[in-house]
Amino acid sequence: MPTPQEPANRLIKSSYARILVELFREYGEDPHQAIRDSGLPPDLFDLDQEFLPQEPVKRLLYLLGNQLGMTNFGDLVRTAIKQKSLPKLLGQFSECSTVRDALEHSRDVFAYDATNVSVGLETVHGRTWYWCKRENDGSDPFIWSEVWAVLYAIELVRALTKSAGRPNSLKSRLMKSSFTKRSLANRLNTSSVMIVLSG
């Protein structure tokens, strides 16, 4: 796993922020206020930069989550992932012959999308888990961004397997937070963020 970087050096593709703000506007909310409050550049839609610092994007997720509530936020995130992000991403897996190959290749794909995210596969006690590891700063914006990461992983696995099923197991190092336990359990209909792929 790469060594942790200073927060100012952590980058994420700017397209993620633009997608979220566009969908937020569809909920009848003021996107300009969300851009201002999160610390994103005011000219977000005119930027020619491919990457932004991650902190304002995490704050954007936090603001959207608090303003929309968990159900609407979950719907917004799933729409962003399924309709905007994944269709552009799936072509990068065209050379993969199995879902396992694609998930292993996702390590390279996501290394380009965000600088402090590590994903991979791990087999423990006969179960294969798809995992995503990021440095947990313990902040509320991090927790909301973790909801994004979980939903992204679920939707990626669904798209690769061409199924609508939900994972039968999830586990998270964030389960110390009662907010995280409630929100993930309620949204994902599971009590326990690694996703089991076989078992």
The range 98-165-the range 41-95 distance, computed between alpha-carbon centres (Å): 15
Quick one: which residues, 5+ away or cross-chain, put their amide H under 5 Å from the amide H of N116? H built at 1.01 Å from N. L11
Compute the accessible area per residue over the range 1-113, keeping the other protein chains in place, probe 1.4 Å, unit Å². 54
Can you give me the distance in nm between label points at V124 and A164, each placed 7 Å from the Cα along the Cα-to-Cβ direction? 3.2
Over the Cα atoms of the range 85-130 the radius of gyration and the largest Cα-Cα distance (Dmax), both in Å, equal 11.5, 35
Considering only protein heavy atoms and a probe of 1.4 Å, how much of the accessible area of the range 1-88 is carbon and sulfur, as a whole percent? 48
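Fully extended, how many nm does the chain gain between D48 and N136 (0.36 nm per residue separation, minus their Cα-Cα distance)? Can you show the working numbers first?
On the way: separation 88, 0.36 × 88 = 31.68 nm, distance 2.95 nm.
Working it through step by step, the gained length comes to 28.7 nm.
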Extension gain from T98 to Y27, taking 0.36 nm per residue of separation minus the Cα-Cα distance: 21.8 nm
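The values are calculated or read from the model by the stated rules, or taken from the named source; none is laboratory data. Treat the numbers as computed from the prediction; the structure is a model and nothing was measured. Methodologically, a virtual Cβ is constructed for each residue, glycine included, from the backbone with ideal geometry; neighbour enumeration extends over all protein chains shown. Please note that ligands, DNA and RNA were not included when accessible areas were found on the heavy atoms of the full protein model with its side chains. Shrake-Rupley method; radii C 1.70, N 1.55, O 1.52, S 1.80 Å.
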